[in-house]
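What follows is one structure encoded as structure tokens, with my remarks underneath.
The values are calculated or read from the model by the stated rules, or taken from the named source; none is laboratory data. Computed from a predicted structure; not experimentally measured. As a convention, Cβ positions derive from the backbone with ideal geometry for all residues, glycine included, and neighbour counts pool all protein chains shown. Just the protein is used for accessible areas: all its heavy atoms, side chains included, with ligands, DNA and RNA removed. Shrake-Rupley method; radii C 1.70, N 1.55, O 1.52, S 1.80 Å.
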Amino acid sequence: MKADLIIHSARQLLTIAAPAGPKRGAAMNDLGLVADGALAIDDERIVGVGTTREVLGQFQARQKLDASGHVVMPGFVDPHTHVIFAGDRADEFERRVRGATYREIMAAGGGIMSTVRATRAASLDQLVAETRPRLDAMLAHGTTTAEVKTGYGLDTANEFKMLVAIAALDAQHPIDLIPTFLGAHAVPTEYAGRADEYVAQVIQMLPQLADAGNFAMGVVGRRVESSRRRLAEFADVFCDEGAFTVEQARKILLAAKQLGLGLRIHADEFANLGAATLAAELGAASADHLVVTRRDEMRAMARAGVVAVLLPGTTFGLGQTNFADGRAFVEENVPVVLGSDINPGTAWCESMPFILALAARYLKMTPAEAIAAATLNAAHSLGRGSYLGSLEVGKQADVLLLDVPDYRHLAYRFGSNPVKVVFKKGKRVVG
Ligand SMILES: [Zn+2]
């Protein structure tokens, strides 16, 4: 049979193949490793996987890539990012280093509201231009698909602008972007003391923004012509002390669910308000952060099929040590997912390999569990497990070639980039 490309002689080929659904428990340690592995790619898809002997025996390709000595694996899927924003918060970072707390900085008008001011002031073109280099860096570190949240607009016009920026970047950039509406990221200053009124406003924004795809195409012309889907696929709420209550989160998420949006929730990052339980009750796609989640809540998530998106880069970014208990989530059979949470306040990190390094040390996850969490499980958390996240026949050819001799080096080493070559939909986009 004919193929466009064969990648062969990989020291280790990680297929991460699984029967159906995300990996849980002991299955997270099974990466479907093929020694001396090979992959045949035709157009955008994987058409053959196996040992080098098997694949070279079965396929003839116009192009061959010798992966001797290297690890070949699926591209990372980053399921939780705030990568679209304007400006930076380096001043605030220095204040924190000098001893100010996150909440003190918020009270002084810093934190999320500082990025909201910068993002509101930026034009659509500026927002796109400032974000593109961050996506380039993510791609260079092996991220081939990423979820992106709004939440720095916090009014209809600026949340819309963020969603259009996501659609425009998705159309321009090799990384596939999956849009999440996070109008309930913070109560904006103009609604101070009137959180319930802002919640009502967010609920009004939902149908306008979720279904505005065609309208957006009219506004920005060619730039989003390739995105003929809804402007937002998921809705998310920051449910925590200093943000939104469980009752407010429930109202927003129920309204989103009625519109057919998938649900995600920022839960238990600082205080346990019961947000993980809410995620289980509503059948959310994911609950994220989960630093202070109890075991009984983990079991409720496992029963409801809610995946745990753990974000160790944020705990590290805040200079804290109270990491989420990744081991406990694996033990309780919750499908665990890892994300970067890239954002200008607490975690400006474009590198999923660094997140894996943190997960192994502080979340007590094995290198194999961390890899499954950042690929196949992350794809499932975004409703894309059927065609992303593993190297199986029929799946999209999003493939990494790593400059390491053994997959465990991904979590073992840190601070350098092990990703040498990136293929997105069968096309070489890095290296
Ligand atoms: Zn977040």
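Helix 246-258 and the longest principal axis of the Cα set of the chain meet at an angle near 60°.
For segment 63-71, 3J(HN,Hα) computed residue by residue from phi via the Karplus equation (6.51, -1.76, 1.60; θ = phi - 60°) reads 10, 10, 10, 7, 9, 3, x, 10, 9 Hz, glycine and proline entered as x. Remark: the T189-D43 segment gains 47.6 nm on full extension, using 0.36 nm per residue and subtracting the alpha carbon distance.
Figure the gain on full extension for D91 and Q126 (residue separation times 0.36 nm, minus the Cα-Cα span) and round it to one decimal in nm.
10.5 nm
Beta bridges per DSSP, both residues in the chain: antiparallel share near 45 percent. A convex hull fitted around the alpha carbon atoms of segment 53-102 yields 223 Å³ per residue. For segment 70-177, the square roots a ≥ b ≥ c of the C-alpha gyration tensor eigenvalues yield an a/c of 1.5 or more together with a/b not exceeding b/c, which makes the shape oblate. Dipole check for the chain: with +1 at the C-beta of Lys and Arg, -1 at the C-beta of Asp and Glu, and the Cα centre as origin, the magnitude is about 700 Debye.
For G183, the residues whose modelled amide H falls within less than 5 Å of its own, excluding neighbours fewer than 5 places apart on the same chain, are D236. Comparing Q63, G109, G99 along the charge dipole axis of the chain, the residue lying farthest to the positive side is Q63, per the Cβ-charge model. Compared with the dominant principal axis of the Cα atoms in the chain, helix 112-121 is inclined by about 90°. In vacuo Debye scattering of segment 240-280, one point per C-alpha: log10 I(q)/I(0) at q = 0.22, 0.23 Å⁻¹? Summing over Cα pairs of segment 240-280 leads to -0.66, -0.71. Taking label positions 7 Å along the Cα-Cβ direction at both L33 and A200, the computed distance is 5.9 nm, reported to one decimal. Looking at the chain, the pairs of alpha carbons with a distance over 35 Å make up 25% of the total. The alpha carbons of segment 224-293 give a radius of gyration and a Dmax of 12.9, 42 Å, in that order.
Which shape class, rounded, prolate or oblate, goes with segment 260-386 when its Cα gyration tensor gives a ≥ b ≥ c as root eigenvalues, a/c under 1.5 marks rounded, and past that a/b bigger than b/c marks prolate? Rounded, because the longest to shortest axis ratio a/c is under 1.5. Helix 295-304 and the longest principal axis of the Cα set of the chain meet at an angle near 70°. Within the listed set A118, A26, A279, the residue fluctuating most in the Gaussian network model of the chain (springs between alpha-carbon atoms under 10 angstrom) is A26. Where the accessible area of segment 284-431 is counted over protein heavy atoms with a 1.4 Å probe, how much of it, in %, is carbon and sulfur? Here it works out to 50 percent. Please report how far the C-alpha centroid of segment 81-140 lies from that of segment 308-377, rounded to the nearest whole angstrom. Between the Cα centres of segment 81-140 and segment 308-377 lies a distance of 21 Å. Among T314, T189, the sequence by solvent-accessible area, most first, with a 1.4 Å probe is T189, T314. For segment 1-104, the extents of the C-alpha atoms along the principal axes are 64, 34, 26 Å, listed from largest to smallest. Springs between Cα atoms under 10 Å define the GNM used for the chain, and in it the highest mean-square fluctuation of A397, A285, A255 occurs at A255.
Of the trypsin sites (Lys or Arg not before Pro) found in segment 260-347, the ones in coil according to DSSP and having at most 16 other Cβ atoms within 10 Å of their Cβ are R294.
A Cβ-based charge dipole, computed about the Cα centre of segment 281-431 with Lys and Arg at +1 and Asp and Glu at -1, lands at about 420 debye. With a Förster radius of 56 Å applied to the C-beta separation of R62 and A304, the computed FRET efficiency comes to 0.75.
If we count GluC sites (Glu not before Pro) as exposed when they sit in a DSSP loop and have at most 12 other beta carbons within 10 Å, what is the longest stretch of the chain that avoids them all?
Answer from the scan: 1-224.
Each Cα pair under 8 Å and six or more residues apart adds its separation to the average, and for the chain the resulting relative contact order is 21 percent.
For the residues D240, D341, D66, a GNM of the chain with alpha-carbon springs under 10 Å puts the largest fluctuation on D66.
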